[in-house]
Amino acid sequence: MRAISTIVAVAALASVPLWLRDPYLLNALITTGIFIIGAMSLNLLLGFTGQLSLGHIAFFGIGAYVSALTSLGFDVGLPGDFRLVHTPWPPIAGFVLAVVVAGLCGYFVGLLSFRVRGAYFVIVTISFAEVVRLVALNWVELTQGPLALTSIPSIALPLPGFGEFTLRTKMHNYYLVLVVALIAYLLIARLVHSHFGRAMRGLMENETLAISVGIDVTRTLTIAAVISAAIAGAAGSLYAHYIRIIDPEVFAFINTVTMVIMVISGGKGSLAGPVVGGLIFGLLPVVLRPVMAPEAQWIAYGGVLIAILFLLPRGIVPSLTQRLGRRLGRTSARAPVALTETAAKEPA
Amino acid sequence: QTIKIGVNEPLTGAFAASGTYVVNGAKIAADEINAKGGILGKKIELVIEDNKSNPTEAAAVAEKLITSDKVPVLMGAWGSSLTLAVMPKLMEYETPMVVETSSSGKITTTGNPFIFRISPPSAIEAAAFKGIVDKLALKKVDFLVINNDWGRGTAEDFSKMMKEKGIAVGLVETMDQGAQDMSAQLSKIKGSDSETVIVTTAVDQLTLIFKQAAALGLKKRIITTGGSQNPDQIIAQAGAAANGTMHLTTFLPWFPEKTPNPEATNYFVSEWKKRGFDFAGCTESFRGYDGIRTVAAAIEKAGKAEPAAIKAAFWDIKVKGLNGDIVFRKSGPEGKESGQSQPNVYLIEINDGKIEMKTL
Amino acid sequence: MLVLGGTYALLGIGLTLIFGIMNVVNFTHGVLYTFGAYVMFMVVQQLGLNFFLALPVAVLAGWLLGAAIELTLLRPLRGSDIDTTMLVMIGAWIAMQSGTLWIWGGVAKAVATPFPEAPLVLGPVSVSWLRLFVLIAAALLILVTYLLINRTSLGRAMRATFQDHDTASLMGVNVDMIYTSTFAIGSSLAAAAGALLGPVYVIFPQMGDLAAVKAFAIVILGGLGNITGAVIGGFILALAEELGAGYVSSGYRDAMGFLIIIAVLIFRPTGLFARAERVG
Amino acid sequence: MELPVLEIRDMVCGYGGVTALRGISIDVKAGQLVALIGANGAGKSTTLRAISGLVPPREGQMRFEGIDITGARPPRVLASGIAHCPEGRRVFPHMSVEENLDMGAYLRRGSGEIAADRDRIYAEFPRLAERRRQAAGTLSGGEQQMLAIGRALMSRPRLIMFDEPSLGLAPNIVERTFAIIRGIRDAGTTVLLVEQNAFAALEMCDYAYLLESGRIVLSGAGAELIANEHVRKAYLGG
Amino acid sequence: MMTARSVAMTIDKVAVRFGGLVAISDMSFTVGEGEIVSLIGPNGAGKTTAFNVMTGFLTPSAGRVTYRNTALAGLKPLEIADLGLVRTFQRTSVFPNDTVYDNLLIGLHRQGRVRLIDSLLGLPGARASERMLRQRASELIEWVGLERRAHDAAGSLSYGEQRLVGVALALAAEPSMLLLDEPVSGMNASETHRFVELIRSIRDRGITILLVEHDMPMVMTVSDRIVVLNYGRIIAEGTPDVIRNDPAVIEAYLGHGAARA
Ligand SMILES: Nc1ncnc2c1ncn2[C@@H]1O[C@H](COP(=O)(O)OP(=O)(O)OP(=O)(O)O)[C@@H](O)[C@H]1O
Ligand SMILES: Nc1ncnc2c1ncn2[C@@H]1O[C@H](COP(=O)(O)OP(=O)(O)OP(=O)(O)O)[C@@H](O)[C@H]1O
Ligand SMILES: [Mg+2]
Ligand SMILES: [Mg+2]
C-alpha cells in the first residue's frame, strides 16, 4: 500500500518534465526540490530526534561554498606567509566534497548538541549559522565576501568511455535534483525505520529513560547530525551549481525559516511531510505572484501557513493520514491526550 | 498589442524602499513615452515583478519575465547580488538587460554581452572623483562602508585611486546591512589621524552615522559616495548633524539648471511631485526613469521588439539621460563585452540644512 | 553600551516571559518591537503629539496587539506542541512584517525628540540626553516587570500556569486570562523597547529581525525564564559586541556575540543562571 | 436522611477516542468520607478530574450543594468549594515550597489567615518547613507528595478530593496523612478519597464505591466492601 | 539465606551534598549477587539520590561505588547501563507517544545493536535481529500483563499501568542488576501480590535486585536483607525480622501502625 503510493508519486514526479514545458515552472520546481532536500535533512533532526536546528542553512551554505570553491579554485593567504592554492576540480568532486565537509561540520555541531538541548540547541545552531555567514562575508580572499562567487559551472557527470555529460538544461537539472532527493529520502527512511531510528525516537521522547535503557545519546545525536548535515550540504551544492552564483545571503535566516516551514507544515517526523510541505510552500509564491501585490503575497503566504496549522495542527501528512485511517476504520494507536505538556517533560 | 519591458526589482524585503522608488521612476518614463504615442506605433507595458531582495527569486523572476511574459528586454535588478543571479538567465535566453543601480565591477567584467549598465560602478565613480580630490586637499582618509559588494567595492576602488594620488589610506571599517549602531566604528575613526572619512552606504545608515558622529564629537570631513544618499531625507532626519557633510551624487534634482538635461529633469521632478512621491526619492528613482528611456530608445532603434535586435541596438543609441548622455562603451573580455555608460558625478554639500553645489 | 544593554535587557525580559515562561517560540517579538517604534513615529510625527505621551501609547498598543495575537492565534492551538505554535508565529511574523511595509512603506522614518542635541558631558564621558532617557526608562520598566513577576500573586500565578497549567487551574487560576496577559505584557515590553530605540535610530520594517535574534540569544544566555538572567545577559551581549567591534574587527562585531553564546553554552549548557533540576 | 452535597448522575467521560467512564453515579453526603477504589485504569482519577473540570464530561450531570457544576472550568469548581489534590504530586517544580503552598490559597484573601494555615501545614509536615525555600522540583518524591497534600488543604474547601494521597509516603507519614484526612472529615469537611491502599481506605470511610472498567460495580459501607468476597480477592490481596 | 555469596555491588563511604544540604553522608553497604536487598527510609532520606549515584546520574561528593569490580566513578549513565546496571524511576517514566510495544522495542536497544550500515542496507543480520526483538517485546508485555494495552500509546495509560511499562522497560535492557525505585506505588494489594511473584522470578533468573519501596508488607516478604536510611545515614541493616522490630526504625520510619504489616 505504502510502497505503491510511493512509486506512483515518484513516477508522477519523474514525468513532470515530459509534459511541463514552461521553463519558469520547471525552474520553480527545481529550486523547490533543492529546498525540499534541505527540508528532509532538517526533518531528520527535528522530526526524529526532536532537536530543532534553526541554523540548518549553515550546512546548506557550507555545501554550496565548498562545492563552488572546489570547482572554481582559490588562492588564499594563511597566517605565516603560507598560501593555499587550489586549481579548479570538476563540479562532481565539488559535490562530493560538499557532502563530506558539511557532514564534518554536522559532526562538530553534533558534539555540541551532546551538551545542550531544546532551546539551547536552537540558539547554538542559530549562532553557528551566523558565525559561518559572517566568515563567508568577511573572509573576502576566499569567498569574495559580499562580492559573490560567480560563474560557477554546471554539474557534469563523468560517463566512463563517453567523456562527460554536462547538465545544462532545466530537464537535466530537474532529474538530477529528483535523483538526489530520492536517495536522500530512501536513506532517511531506512535510518528511521531501523533500530537506530528507534533510539532517536526514544531520545526525543524521554532522554533520561533512554539513557538508562542503554541508548547512547552522543552517538545517536551525532550520527543524526552528520547525516542530516551531509544531505543539507548536497542540497547546497546542487543550489550553487544551478543558480551559479552564491553570496553570503544564502545563509539568510529566511532560508532556514523556509525549510522549517516546509517540515512542520508538512508534518515533522513523517517522511513525506517535508515533501508535501515543500511542494506547497515552494510553489505557493508562484501561485500568488500573478494575483496580488507583493506585500499582499507575503501576507497571504503567512495566512496560508497559519490556516494550515489551524486545520491540521500536527502537519498535513500526519493529520491527514490519521483522519483517513479513522475513516477506513483502522484503529491507530491511542494518542495520549495531553493533560499537561509541562509535567510530561519534567524528568524527575 | 504592446511592447513589454520586464522590470525585476526588490519591492519587499531589505531593499524594498529603493526598489519601489526605481519602479516609480520607471512608471513615469513609461507613461511619458506612451503619452507621446509609444514606440514603433505601440504602447509600452512594464511587467513589474518583485524579486523579494533575494537572489534565488531574482533569477526566478527573470525566468518568468522572459519565458512566460515573453519580454524581449529587462531592467533590473537593483542590488549587485540580485543582478549577478539574473545574469546566467540572460545568457541562457539571450535577452539583454539594462542594469540601473548595481555597482559591482564584476557585472560588466565577467563577459556577459547582455548587460548594459547605466549606473557607475565604483571604479568609474572613483575616476570621476579623482578630478576633485586635489581641490579638497585630502591627505589621509578612512573608510566606513557597508559590508556588501557595493561598500567593499567602493573601498577598494577609491583606495586605489587615492594611493595613485598620493593620499594615505587609514582604516577601512565595515558595518552590516541593517546595523543600527555604528558608534564602535566611529570611535575608532575618531581616534585615527586622518582628516576625512569616506562613507558608503544607503541613506538610513548615513542618517544614523551623522547623528552618532555628532554625538561622539567626531569632527572630520565626511564624504559619502554611491548616489543613494537621498540628501533631503538626511536633512529631514539627521538635522544639524548633517551640516558640513559632502556627497558624491549622480543626479541633481535640486538644481535642474545645472544638470546636462535641464528640461527633462524639470519634467521628471515635477511629475514625481505631482504623483505625490517623496521628493527625497528622486535621487534613486531617476535611474528607473533613465533605464526605461534607454530601453525604449534601443527598441526604437532596433525597429522591432526582439532580444537580439535590441541587444545590437544598445550599442548604437545615445540617450539624453537626466545625468548626461547614455552611451554604452565596451567593458570586459573581448568578444563578450558588456555595455557600460559613463554618467556624471557631482559633489554637493549640506549647509544649514540646505543642499549646495560644491563649486571647486 | 549601557543604552544598548538596557534595551537588549528590555527585549530579553519581554521574550523570557513569552519564550522562557510560556514556552512559545515567539517570532513576532521583533515585529512588536518594530510596531512600537512605528507607533512612536505615528504619534509624534504624524499626529504631532507629545513625545512623552507617545511612550505609554506605544506600550499600550503593544499590549493590545499582543493580546490580540494570543487570542486569535495561540488560544485555538493551546496544547499543540511547541513547534506548531512556533510555525504559527512565523506565519504571523511574515504577514505582520509585510503589513508594516504596506502601511508605512519601506523608507526609513525618524522621530524628532524634545532633547537637546548637545550631549551631556560628565568628565571624560559624554552621553546624549536621549540615550540617558532611554536608559532610565528601560531600567524602570525592567524593575516594574521584575516586581510584577516575582512579588505579586499575579506573577506567581503566571509562573505556576506555565509550569503545570492543569494544576494551576486546580488552584483557581484562570489560565486563559494568564496566557493572554503574559503574552500581552511580553509584547508590550517589546513595543516599549522599539518605542525607546526608534528615536535613537531609524525606523524601518525589518528593524526587528536582528533585534529578535538577539533577544533569543539573551534569553538563553540568562537561562530560560530568568528575569535577572535576561537583564545580565543583555548587558553581556552588548559588552561583547562593543568589545568585538572595538578590538577584533567591525565585520565580526555580531560574530562576537554569537561566539560568546556558543562558549557560554559549552561551559554552562543551561545558560548562566540555570535552575535546579533533578533526576529520578 | 440528609441530601448529598455532591451528586453525580450517569456521567460519561473520556479522552480523545477513549471512553474512560461509562455512566457512573455517585452521591457524597455532607461531612462524610467517601472512598473510591478500583484497579489500575478503572477510571478513578478520571472521575476526580471530571468533577474538578479538568476533563469535561460528555454526558451526565453534576451538582454540588445544589448548584449545577457540569462542565464548569476548574477555577469555578474550586470557587464553589471543591478542591482536588491530583495524582502524581504535580507540584510546581520551579517554585519554592512556600510559593507552592501559597498557590493553594490563590483564591483566598487575608494574608494573616493564610499564614496561619501555612504554619499548621508546616507543623503537620515538619519536613516541608525544613525545605521552605527549596525548589519543589528538587524535593524527594515523598516530600513532593506532602507538599501536594498541604497545598490542597490551603484552599480551605468544603469538599476535598484526594487522588492516592499515600503514594510514595513512608509508613509513618501515611499514618499521619490518614489521620489528617480523618481529622478534616471530623471537622466537617466532606472528603472523596481515591486510594490504592484499599484496606485502609475502606476501614476509615463512611461509604465506598468500587469502580471497574469505567462502571460502578459495587457500593456500600466500608465494612460491607471489606467483607465482600470479590473485593477481598481482587483488591485486598486476600 | 545469608550464605556467603559473592558481592555484586559495594557502596563505600558515599556522600552527596546539594549546596548546603546533606542528602547522603557516609553510606556504606554491599549487595550480593542474586540477592534482593531493600533500601528503605523516611521520605527524603536519600534513597533515590543513592540510586542516582549508582547509575551515574549524580557524582557523589565523596566515596565510591563498585559494581562487579568496576569502579563506577567517572562513568556516564550509559556506560553504567552497559555494565548491566539498570534502574526504574520513582516518577512514571515511559516514552509517552509510542505504543507500549514500541516502548519495549526501544527498551530492547541493548539487545538489538547492529551496525548502522547493516540496517541501512537492510542486510539479513539486521532483519534477523529485528525479528528477535519483536519476539522479546511481546514476551515482556505478556509478562507484565499489558497485552490488552500493547497498541495504545504509553502516555495514555493510567498511572499504575505506566509503572508496569517502566519495569518492563528496565527488564528489556537485560540487566544483571536491577534497581527498582518504588515499583508498586500506585498498585493495590492484589496487583502488588502479582508483582512480588514477578520480582521473585526475575531473581530466579540470576538478576540482583536493589529495591526502594514504602510498601512494608511487600518489602518484608520479598527482601533477603534490608538497609535503612535516615537523613542520609544508615541507621539499621539486617533481615526483615530484625528490621521490623528495631526501635530506631519504628521511631523514624515505620510508625506504630507497622505492627499490622
Ligand atoms: N491523558 C490520557 N489520554 C488518553 N487516555 C487516558 C488518559 N488518562 C487516562 N486515560 C485512560 O483512561 C482510563 C482510566 O484512567 P484513570 O487514570 O482514570 O485510571 P485510574 O483508575 O486512576 O488508574 P490508576 O490506579 O492506575 O491510577 C485508562 O484506560 C487510561 O488508559
Ligand atoms: N537536586 C537537588 N537539589 C537539592 N536538593 C535535593 C536535590 N535532589 C534531592 N534533594 C534533597 O535530597 C534529599 C534526598 O532526596 P531523595 O530523593 O534521595 O529522597 P528519597 O529517599 O528518595 O525520598 P522519597 O522516599 O520521598 O522518594 C531530599 O531531602 C531532597 O529534597
Ligand atoms: Mg489514577
Ligand atoms: Mg525517592
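For chain D, what is the mean residue ellipticity at 222 nm derived from helices alone (per DSSP H run of n ≥ 4: -39500 (n - 2.57); sum divided by total residues; nearest 500 deg cm²/dmol)?
Theoretical 222 nm ellipticity from helices: -11000 deg cm²/dmol.
Dipole of segment D:85-183, Cα-centred, from +1 at each Lys and Arg C-beta and -1 at each Asp and Glu C-beta, to the nearest 20 debye?
Values: 15 positive and 13 negative charges, 40 e Å.
Charge dipole, segment D:85-183, about its Cα centre: 200 debye, nearest 20.
What distance in nm separates the simple spin-label points at A:V85 and B:K130, each placed 7 Å from Cα in the Cβ direction?
The modelled label-to-label distance comes out at 3.0 nm.
Mind ordering C:201-209, B:169-177, B:287-295, B:308-316 by average Cβ neighbours within 10 Å, highest first? All intermediate terms of the calculation are to be shown ahead of the outcome.
On the way: C:201-209: 24.3, B:169-177: 20.8, B:287-295: 29.7, B:308-316: 18.3.
With the highest mean Cβ count within 10 Å placed first, the list reads B:287-295, C:201-209, B:169-177, B:308-316.
Describe numerically, in nm with one decimal, the distance between label points set 7 Å from Cα along Cα→Cβ at D:K29 and at B:E300.
So the label points at D:K29 and B:E300 sit 10.6 nm apart.
Residue by residue through segment A:138-148, which ³J(HN,Hα) values in whole Hz follow from phi under the Karplus form 6.51 cos²θ - 1.76 cosθ + 1.60 (θ = phi - 60°), with glycine and proline marked x?
3J(HN,Hα) across segment A:138-148, in whole Hz: 9, 8, 4, 4, 7, 9, 6, x, x, 6, 6.
Return a whole-number percent for the relative contact order of chain C, with Cα pairs under 8 Å and 6 or more residues apart as the contact set.
Relative contact order, chain C: 38 percent.
Under a point-charge model restricted to the Cβ atoms of Lys and Arg (+1) and Asp and Glu (-1), what is the dipole moment magnitude of segment A:20-253 relative to its Cα centre, in debye to the nearest 20? Before the final figure, lay out each step's value.
Numbers: 12 positive and 11 negative charges, 102 e Å.
Here segment A:20-253 has a charge dipole of around 480 debye.
Tell me the angle of helix A:170-193 to the major Cα principal axis of chain A, expressed in degrees between 0 and 90 and rounded to the nearest ten.
40
Tell me which aspartates and glutamates have Cα within less than 17 Å of B:K165's Cα, excluding those fewer than 8 residues away on the same chain?
B:E125, B:D134, B:D142, B:E156, B:D157, B:E195
To make sure I understand the rule: partners must be lysines, Cα under 21 Å from the Cα of B:K274, and not fewer than 8 residues away in the same chain. Which ones qualify?
B:K27, B:K36
What shape does segment D:79-154 have by the C-alpha gyration tensor, where a ≥ b ≥ c are the square roots of the eigenvalues, rounded means a/c under 1.5, and otherwise prolate means a/b greater than b/c and oblate the rest?
oblate
Restricting to the protein assembly as shown, what percent of DSSP beta bridges are antiparallel, rounded to 5?
50
Describe numerically, in nm with one decimal, the distance between label points set 7 Å from Cα along Cα→Cβ at E:E33 and at E:E237.
2.0
Calculate for chain A the 222 nm mean residue ellipticity that helices alone would give, adding -39,500 (n - 2.57) per DSSP H run of length 4 or more and normalising by residue count, nearest 500 deg cm²/dmol.
Theoretical 222 nm ellipticity from helices: -23000 deg cm²/dmol.
So for segment B:313-354, averaging the separation of alpha carbon pairs under 8 Å that are six or more residues apart and normalising by length, what relative contact order in percent results?
The value is 29 percent.
Where in segment B:115-144 is the amide nitrogen less than 15 Å from a point lying 7 Å along the Cα-to-Cβ axis of B:K160?
B:121-130
How charged is the neighbourhood of C:G223? Take every other residue with its Cβ under 12 Å from the Cβ of C:G223, and add Lys/Arg as +1 and Asp/Glu as -1. Before the final figure, lay out each step's value.
Details: positive: C:R268, C:R275; negative: C:E277.
In short, +1.
Nearest 10 degrees is fine. How inclined is helix B:203-216 to the longest principal axis of chain B, computing both from alpha carbons?
Its long axis makes an angle of about 0 degrees.
Do you know the relative contact order of segment D:1-121, to the nearest whole percent, from alpha carbon pairs under 8 angstrom that are 6+ apart?
Relative contact order here is 22 percent.
Label 7 Å along Cα→Cβ of A:F108; segment A:226-248 residues with amide nitrogen under 19 Å?
A:226-234, A:236-237, A:248
Using only helices, what value at 222 nm comes out for chain C when you add -39,500 (n - 2.57) per DSSP H run of length 4 or more and divide by the total residues, to the nearest 500 deg cm²/dmol?
Values: 11 runs with 183 residues, N = 280.
Helix contribution divided over all residues of chain C: -22000 deg cm²/dmol.
Relative to the longest principal axis of the C-alpha atoms of chain B, give the angle of the C-alpha long axis of helix B:16-35, reported between 0 and 90° and rounded to the nearest 10°.
Between helix and principal axis, roughly 40 degrees.
Is any residue of segment E:188-211 close enough, with backbone N under 16 Å, to a label point placed 7 angstrom from the Cα of E:T221 along the Cα-Cβ axis, and if so, which?
Residues E:188-203 qualify, since their backbone N sits under 16 Å from the label point.
Across the residues of E:71-82, average count of Cβ atoms on other protein chains within 10 Å? Walk me through the numbers before you get to the answer.
Details: counts 0, 0, 0, 0, 0, 4, 7, 10, 2, 3, 7, 2.
Averaged over the peptide's residues, the number is 3.
Find how much the distance from A:R21 to A:I254 grows on full extension, using 0.36 nm per residue of separation minus their present alpha carbon separation; answer in nm with one decimal.
80.9 nm
Using the Karplus curve 6.51 cos²θ - 1.76 cosθ + 1.60 with θ = phi - 60°, what ³J(HN,Hα) values do you get for each residue of segment C:21-28, in whole Hz, with x for Gly and Pro?
9, 7, 6, 10, 6, 8, 6, 7
Tell me, what is the FRET efficiency for A:A93 and C:A118 to the nearest 0.05, using R0 = 51 angstrom and their Cβ-Cβ distance as r?
E(calc), rounded to 0.05, equals 0.25.
Once you order the gyration tensor axes a ≥ b ≥ c over the Cα atoms, which shape class does segment D:40-119 get: rounded for a/c under 1.5, otherwise prolate or oblate by comparing a/b with b/c?
In terms of gyration-tensor shape, oblate.
Among C:L17, C:L221, C:L122, which one shows the biggest mean-square fluctuation in a GNM of chain C, springs joining Cα atoms closer than 10 Å?
The residue that fluctuates most here is C:L122.
What average count of beta carbons from other chains do you get within 10 Å of the Cβ of residues in D:164-176?
On the way: counts 4, 0, 3, 5, 9, 4, 12, 16, 12, 5, 5, 5, 1.
Across the residues of D:164-176, the mean count of other-chain Cβ atoms within 10 Å is 6.
Summarise the partner chain shielding of C:256-266 as one whole number: the mean count of Cβ atoms from other chains within 10 Å of each residue's Cβ.
Neighbouring Cβ atoms belonging to other protein chains average 5 per residue here.
Evaluate E = 1/(1 + (r/R0)^6) for B:K318 and A:L157, where r is the Cβ-Cβ distance and R0 equals 45 Å; express this FRET efficiency to the nearest 0.05.
Given R0 = 45 Å and the Cβ-Cβ separation, E is 0.40.
Going highest first, how would you order D:115-121, B:58-64 by mean Cβ packing within 10 Å?
Result, highest mean first: B:58-64, D:115-121.
Tell me, how many Å apart are the Cα centres for segment C:174-227 and for segment D:16-67?
If you average the Cα positions of each part, the centres end up 43 Å apart.
To the nearest 20 Debye, how big is the dipole of chain E about its Cα centre, given +1 on the beta carbon of each Lys and Arg and -1 on that of each Asp and Glu?
For this selection, approximately 460 debye.
Specify whether the C-alpha gyration tensor of segment A:20-253 places it in the rounded, prolate or oblate class, a ≥ b ≥ c being the square roots of the eigenvalues: rounded for a/c under 1.5, otherwise prolate if a/b is larger than b/c and oblate if not.
oblate
Positive end of the dipole of segment A:20-253, charges at C-beta (+1 Lys, Arg; -1 Asp, Glu), about the Cα centre: which of A:L46, A:F196, A:Y239 has its Cα farthest in that direction?
Among A:L46, A:F196, A:Y239, the one farthest towards the positive end of the dipole of segment A:20-253 is A:F196.
Could you let me know the centre-to-centre spacing of segment B:1-55 and segment A:272-300, using Cα atoms, in angstrom?
After rounding, the separation between the Cα centres reads 23 Å.
Provide Rg over Rh for the protein assembly as shown; use the alpha carbon set for both Rg and the Kirkwood Rh (inverse mean inverse pair distance).
Reported Rg/Rh (Cα atoms, Kirkwood Rh): 1.02.
Give the residue from E:L21, B:S331, D:G43 lying farthest towards the positive end of the charge dipole for the protein assembly as shown; charges sit on Cβ (+1 for Lys and Arg, -1 for Asp and Glu) and the dipole is referred to the Cα centre.
B:S331
Computed from the coordinates by the stated procedures, all read-outs in this text should not be read as laboratory data. Bear in mind that the values here come from a model prediction, so they are computed numbers and not experimental data. So basically every Cβ, Gly included, is an ideal-geometry build from the backbone, and we count neighbours across all protein chains shown.
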